[in-house]
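Here's the structure, in structure tokens; my notes come after.
The values are calculated or read from the model by the stated rules, or taken from the named source; none is laboratory data. Nothing here was measured: the structure is a model prediction, and the numbers come from that model. Counting neighbours? That spans all protein chains shown, and the Cβs are built from the backbone with ideal geometry, glycine included.
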Amino acid sequence: MAESLKAREVWSKNLETELAIINHLLKSFPVVAIDTEFPGFLRNTPRDAPEEQRYSDLKHNVDCLKPIQLGFTLSNCNGNIAGVWQFNFCDFDLKGGDLHVPASVELLKTNGIDLEENKKSGMDSHFFAMKFKQILAANQRIQWVTFHGLYDLAYLLKIVTQARLPSSILEFITLIGGYFGRVYDTKRMAQCCPSLSGDNLGLSRLAKLLKVERCGQSHQAGSDSLVTALAFLKMKELYKLDERLHEGFLYGITAKIIKKPWIPSMPPPLMQAPPMPRPLPPRIGPLYYRPYDGLVRCNAYYLRPPMRPPYYPPAAYHVRLL
């Protein structure tokens, strides 16, 4: 694998620089494969669980746990890859007693994630969200590619909104459609490919079946996002998949995610000029009279017309009463 495809490590000190590079590249490389790393699952969902329970477990896990890494791989429709980024967050504090699954944390450590370094040099997810929402607003054509991406998109939504997940799955997919728009799940796409379907299909097995070479360590967000991007491109090439038929569907839920207008974090700017005021009548001196409303215009204030002075009859008509 080319040296240029190794993940660029992003910490607090270089976050703004790397986001500026990503923002520039998104104009030509709008396909973004993502992966997240987090400290396990507090609730394990059975495979045959109904959709409501699946979302309830998802919400509980994502609300209670904190993200550790986020990986991006940028590519285009021609299969060219611009680069891989691995964002390291400082939110998770193992020594501070944050909730986690010990076995999952040990697996992340075994695969090279230094949680102490993340806590020391990683970025705050709130600051990341402030900068990242500007990129989302400026790039409406992004296609988001995942593998079994329900949790990846849920954590990304939690990071961007800095809030708990909504209470219903309908609200969840509405927010996903509003913030991210066009999403794809390679595990769900694999169900339409001979020899690739199966509930036991994991990312490493999918890469092996497609003969996709990994660059970097598994269970790290940057490397896993790269494998996801390469698998997406390889499946489209080998099986002639029409990505439009798979847009908006995630493995594990039946509802389709539909691209919505961008959900802003602040009121949108004024889109059209305010109406022009009615033309004023010609001015005569410092005041002018508006006959249709009975007001006198003077230095931006409306005044009532001055009242006539009281009428007194001529002195010759005065009558003295005795």
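Taken together, the residues in the stretch 205-229 that are of a type in the set (Gly, Ala, Ser) and out of contact with any helix residue (DSSP H, G or I) (no Cβ under 8 Å at 6 or more places or on another chain) amount to 5. Remark: pairs (first residue in the stretch 125-143, surrounded by fewer than 18 Cβ atoms within 10 Å (Cβ to Cβ); second residue among the acidic types (Asp, Glu) and at pLDDT 95 or above; Cβ separation under 7 Å; 6+ apart in sequence or on different chains) = 131/16.
To keep it simple, each residue is scored yes or no on (1) part of a loop (DSSP other than H, G, I, E, B); (2) within 20 Å of residue 250 (Cα to Cα); (3) at pLDDT 95 or above.
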| site | (1), (2), (3) |
| --- | --- |
| 62 | no, yes, yes |
| 72 | no, yes, yes |
| 79 | yes, no, no |
| 84 | no, no, yes |
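Just one of the listed residues (91, 98, 48) is acidic (Asp, Glu), assigned to a loop (DSSP other than H, G, I, E, B) and modelled with pLDDT under 95, and it is 48.
Looking across the stretch 102-124, the residues that are assigned to a loop (DSSP other than H, G, I, E, B), in contact (Cβ under 8 Å) with a residue 24 or more places away in the chain and either closer than 19 Å to residue 13 by Cβ or touching a Pro at 6+ places or on another chain (Cβ under 7 Å) (or both) come down to 113, 122, 124. Quick check: anything in the stretch 35-52 crowded, with 20+ Cβ neighbours inside 10 Å, aromatic (Phe, Trp, Tyr), touching a residue at least 24 places away in the same chain (Cβ under 8 Å) and under 27 Å from residue 140 (Cα atoms)? Scanning the stretch 35-52 turns up no residue that is crowded, with 20+ Cβ neighbours inside 10 Å, aromatic (Phe, Trp, Tyr), touching a residue at least 24 places away in the same chain (Cβ under 8 Å) and under 27 Å from residue 140 (Cα atoms). Candidates 167, 195: the one that is in contact (Cβ under 8 Å) with a residue 60 or more places away in the chain, part of a loop (DSSP other than H, G, I, E, B) and among the small types (Gly, Ala, Ser) is 167. Figure legend. Inter-residue proximity from the stretch 218-229: first residues at positive phi, second residues of a type in the set (S, T, N, Q), beta-carbon distance below 6 Å, spacing 6+ or different chains. Indicated pairs: 219/111.
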